[in-house]
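Everything below concerns the one structure shown next.
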Amino acid sequence: MEPVLQVRGLHAAYRRTKVLDHVTFDVMPGTLTAIIGPNGAGKSTLLKTMLDLHPRLGGEVRFFGTAYRNAKLKVGYVPQRGSVDWDFPTDALDVVLMGLYGRIGWFRRPGRRHRELALEALDKMGMADFAKRQISELSGGQQQRVFLARALVQDADLYLLDEPLAGVDAATERAIMEMLKTLRAAGKTVMVVHHDLQTVEDYFDHVLMLNRTVIAHGPTTEIFTQDTIARTYGGWLRRKERVTG
Amino acid sequence: MSYDGWILLTASLVGLVCGLIGALLILRRMAMMADAISHSVLLGIVIAYLVTRELSGAHMLLGAAAAGLLTAVLVQWLHARGVQQEASIGIVFTTLFAIGVVLIATQVGNAHLDVQHALMGEITFIPWETTRVPGLGEIPEAVLTLLIVLLVVGGLIAAFYKEWKITSFDPALAAALGIPVAFMHYLFMTMISVTAVAAFDAVGAVMVIAMLITPAAAAYLWTDRLSVMLLLSGLFGVLAAFAGYAAAWVLDTSISGSMAFATGVLFLISFLISPRHGLAARRLRAHAAAGRLKS
Amino acid sequence: MMGLSHNALWVLASMLMLGTAAGLAGCFAYWKRQSLMSDALAHAALPGVVIGFAILGFKSLPVMLLGAAASALLGAWAVTAIRAHNRVKEDTAMGIILSVFFGLGIMLLTMVNRMPGGGQSGLDGFIFGQAAAMVRQDMRTMTAVAAVVLLVVLISFKEWKLYLFDPAFARGIGLSGRLMEAAYLTLLVVIIVIGIQAVGVILMAALLIIPAVSARYWTNAFGTMLALSALFGGGAGVAGTYVSTLGDGWPTGPFIVIAAAGIFLLSLVFGTRKGLFVKAMQRRAQMRRLKPQAVRRDPLAEGEALP
């Protein structure tokens, strides 16, 4: 089996601090991986750098054996909820439709088929009734579900989610994890930047432990140990290498 | 058309085109950038004048577009170097504007492009400067410029409607989907610059800001749908233009100042009485909710 | 200085004071991330100035300044009110206040200029600044106010530093956030109000922003930044005013701004802390250090397996 994602020697900085240092790993298809690490360890930056949303200082990233720009339609990205202005005048269905813009192309309007797809995606996340609801009226959990529906509608093969469970209610958390497991069962690959150590073993079959560089990566049952956790989370504050020196 | 008719038409066109682009402007949180560009276009116009020694519309538009782009680029450059966004904007536009004023004061002297005019515009001159258009006869040059700009801006917004929507709402996703976010950003800056200078002759540099921001903000308080907001914003712009002109006529005062103030009055009214997001409506809803809790 | 009249020296001296005070106030605005609020406040002051003149019927600087202050404070309040009550964002609110108040100011100004005696108002000088037209009394007022500001900042330096960088801690040791907020706003409005005579409402923000940002390229220490910013502001004030006297009826504002921008450019390139020159040297040194650890650079061929 070929890996869906290959990262070699990835380097990135944020302001003047190096946040990604010689990051190297492979992700196999059909896995549900948690990316964990302390704050500032580079988890969000990792996703953004892989997706060309953040400048890369060095290294190589391959999606499905090719560069990201050739594989964009196969990769679904769910950014953090806080990255968006929820007062924007639009409704839930419209937000999900945006996930199809890449496919609709220039100069064309979303058609009936697109609207049906969007409604289906909302339904999968239990949000069909909220299709016409203004997004500012949605709760945090509901907003997150809309975001996930937007990713689903892209029908990607690899999904990258940035803290999807942050600040959501228990029901939403269950719904999201259910959906991610369904995706895995369908042969898709999912990577999630996760913030809660307690739930890693319940939710994820693989884990990538990151603290500027990869501390450990592999099946949860094998590598998620006291030792690796200590190495990932300990001593972070003492080391802060500057890029400019 | 009568003298007053031309003036009202000019003012309405200004209100309409500024309102349209203003809606996107405030959603993209670029109000201060628009402030900056409206000031910087002065430099573009002055340089265009000094180079060509003409005040023709085409050259001014070009100079303005260049100045607007320059502003956006410089601000971005400074910000990338670690200067706060607001400070970057503040440094760039004040400097460019100051250079523009100095050039006017020293090089241009008391030519038609004097400082007060540049600032305040002089809509009362508009009907006199005409140009010949096949099929329409003699129409004021400013009107022609505004019509063209309205067509271009309106056309661009309509053609790329969903791209504007997504790059304004979620640029990260837009980039991930392959939409050229940076290109659209600079395209937008150019559209603002061109709109600013088209409105320039009528309302002057500083008042364009009022027309760009305030009707859009008022519209924002009435609706939750982008398409409606765009149309409402244009409508409010036209309303403010009419109201401002009427007030200026009654009070015998600056037309552009009155129009700017009129946008403010419109906003205030919206702020208070809009059924969706106005103050009165919110208070009533809060009361109703509290009442339900008690009973 | 050669060939300068007694009056001109007075003007330069008061511009020095103003620039210095503005440099200080600008630092505060910078750290509070409110650089453009000063632009909004300056524009908002215009109606107040005009009303101050119109009420009396003759030019009285203290009354006009009071009007300016009231108007600016009303603008500040309006911005927070808009932001507090609905979803209109802060930058939009500032833009609204800035342009609407200014529009009102122009309306009133035009009406006053058409009144008999309106030509004596000197109000037009508030648009772009006309320091050279200030009379002795005005200069005394300006200098005195600037001196007071300087004094206040110097005396409570420690409190300002704490309030700007660690407001939570400051509250913890009993430093009232509200008091400091009010003091900050008062300081800002006062500087703006006395400054608009010399620089004008449109460019006043420049004098508050540019020297402060320039200082950042030389130092990380708050105290040093304040001192440098004051120095740059004062320098720009004097240089700009001097140049403006060389021409007939030239406004002072734009020249002061250009002078400040010149200082900024020099700081940007040669500043010891983040200047371009220094950064270029650092990058050269870093490149030399990183060379031995270069990662594989040539792009992989399509479908080629990674080691």
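The values are calculated or read from the model by the stated rules, or taken from the named source; none is laboratory data. A quick note: this is a predicted structure, and the numbers were derived from the prediction, not measured. Virtual Cβ from ideal backbone geometry, glycine too; neighbours counted across all protein chains shown. Only protein heavy atoms, including side chains, enter the accessible area calculation; ligands, DNA and RNA are left aside. Shrake-Rupley method; radii C 1.70, N 1.55, O 1.52, S 1.80 Å.
Some observations on this one:
- Bins of 10 Å, starting at 0 and running to the largest distance - Cα pair percent for segment A:70-127: 18, 49, 31, 1
- Shown here is the pair-distance distribution of segment C:211-270: with all Cα-Cα distances grouped in 10 Å bins from zero up to the longest one, the shares run 26, 46, 22, 6, 0 percent.
- For the Cα trace of chain A, dividing Rg by the Kirkwood Rh returns an Rg/Rh value of 0.97.
- List C:Thr92, C:Thr224, ordered by accessible area with a 1.4 Å probe, largest first: C:Thr224, C:Thr92
- Between the Cα long axis of helix B:226-251 and the first principal axis of chain B there is an angle of about 60°, rounded to the nearest 10.
- For segment B:171-295, the Rg and Dmax computed from alpha carbons only, in angstrom: 18.8, 60
- Reported to the nearest whole Å, the Cα centre-to-centre distance from segment A:152-210 to segment C:123-151 is 64.
- Protection proxy ranking of C:200-211, B:158-169, by the mean of other Cβ atoms within 10 Å over each peptide's residues and highest first, is C:200-211, B:158-169.
- P(r) tail for chain B: Cα pairs beyond 38 Å make up 15% of the total.
- Computed about its Cα centre, the charge dipole of the protein assembly as shown is approximately 1960 debye, with only Lys, Arg, Asp and Glu carrying charge at their Cβ.
- Segment B:238-288: Cα Rg divided by the 2.2 N^0.38 Å rule of thumb: 1.48
- DSSP-defined beta bridges in the protein assembly as shown - what % are antiparallel, rounded to 5: 60 percent
- Set of lysines near A:Lys74 by C-alpha distance (under 29 Å), chain-local residues within fewer than 8 positions excluded: A:Lys43, A:Lys48, A:Lys124, A:Lys132, A:Lys181, A:Lys188, B:Lys162, B:Lys165
- For segment C:117-270, taking Cα atoms only, Rg and Dmax work out to 17.2, 56 Å respectively.
- Centroid-to-centroid separation of segment A:69-121 and segment C:1-78 [C-alpha atoms, Å]: 50 Å
- Over segment B:28-111, the alpha carbon radius of gyration divided by the compact-protein estimate 2.2 N^0.38 Å works out to 1.13.
- Largest accessible area first, the residues B:Tyr3, A:Tyr101 order themselves as B:Tyr3, A:Tyr101 under a 1.4 Å probe with ligands, DNA and RNA left out.
- Close amide H contacts of A:Ala216 (hydrogens built in the peptide plane, cut-off under 5 Å, sequence separation of 5 or more or a different chain): A:Met209.
- Most mobile of A:Tyr159, A:Tyr233, A:Tyr77 in a GNM of chain A (Cα contacts under 10 Å): A:Tyr233
- Solution diffusion estimate, µm²/s, Stokes-Einstein, segment A:25-102, Kirkwood Rh from C-alpha pairs, 10 °C, viscosity 1.306 mPa s: 105 µm²/s
- Equivalent ellipsoid, segment B:148-187 (semi-axes from 5 times Cα gyration tensor eigenvalues, Å): 21, 9, 7
- Chain C - percent relative contact order, Cα under 8 Å, separation 6 or more: 28 percent
- Quotient of Cα Rg and 2.2 N^0.38 Å for chain C, N being how many residues it contains: 1.19
- Centroid-to-centroid separation of segment C:80-113 and segment B:172-223 [C-alpha atoms, Å]: 18 Å
- Descending Cα extents along the principal axes, segment B:1-65, whole Å: 38, 36, 14
- Taking every alpha-carbon pair under 8 Å whose residues sit at least 6 apart, chain A reaches a relative contact order of 28 percent.
- √(5λ) per eigenvalue of the Cα gyration tensor, segment A:98-165, largest first, Å: 20, 16, 11
- Spatially proximal lysines relative to C:Lys32 (Cα-Cα < 17 Å; intrachain offsets below 8 disregarded): C:Lys158, C:Lys161
- Two-decimal log10 I(q)/I(0) for the protein assembly as shown, as the Debye equation yields it once each C-alpha is a single scatterer, q = 0.08, 0.09, 0.11 Å⁻¹: -0.79, -0.99, -1.34
- For C:Phe169, solvent-accessible area (1.4 Å; no DNA, RNA or ligand), Å²: 110 Å²
- Antiparallel bridge percentage (DSSP; both residues within chain A; nearest 5): 55 percent
- Against chain B, whose longest principal axis is taken from its Cα atoms, helix B:279-294 shows a tilt of about 10°.
- Exposure check, 1.4 Å probe, all protein chains in place: A:Val7 carries approximately 0 Å² of accessible surface.
- Net charge dipole size for chain A [Lys, Arg +1 and Asp, Glu -1 on Cβ; Debye, nearest 20]: 1020 debye
- Sorted largest first, extent of segment A:163-230 alpha carbons per principal axis (Å): 32, 28, 20
- Between 0 and 90 degrees, the angle of helix C:276-290 with respect to the longest Cα principal axis of chain C falls at about 10 degrees.
- With all protein chains in place and a 1.4 Å probe, the accessible surface of chain A carries 48 percent carbon and sulfur.
- Neighbouring Cβ atoms from other chains, within 10 Å of the Cβ of residues in A:94-104, number 5 on average.
- For the protein assembly as shown, the mean residue ellipticity at 222 nm estimated from helices alone is -21000 deg cm²/dmol, where every DSSP H run of n ≥ 4 contributes -39500 (n - 2.57) and the total is divided by all residues, rounded to the nearest 500.
- Sorted into 5 angstrom bins from 0, the C-alpha pair distances of segment B:167-223 split as 4, 17, 17, 16, 18, 17, 8, 3, 0 percent.
- Dipole of the protein assembly as shown, positive end: most advanced residue of A:His114, A:Thr232, A:Asn70 [Cβ charges, Cα centre]: A:Thr232
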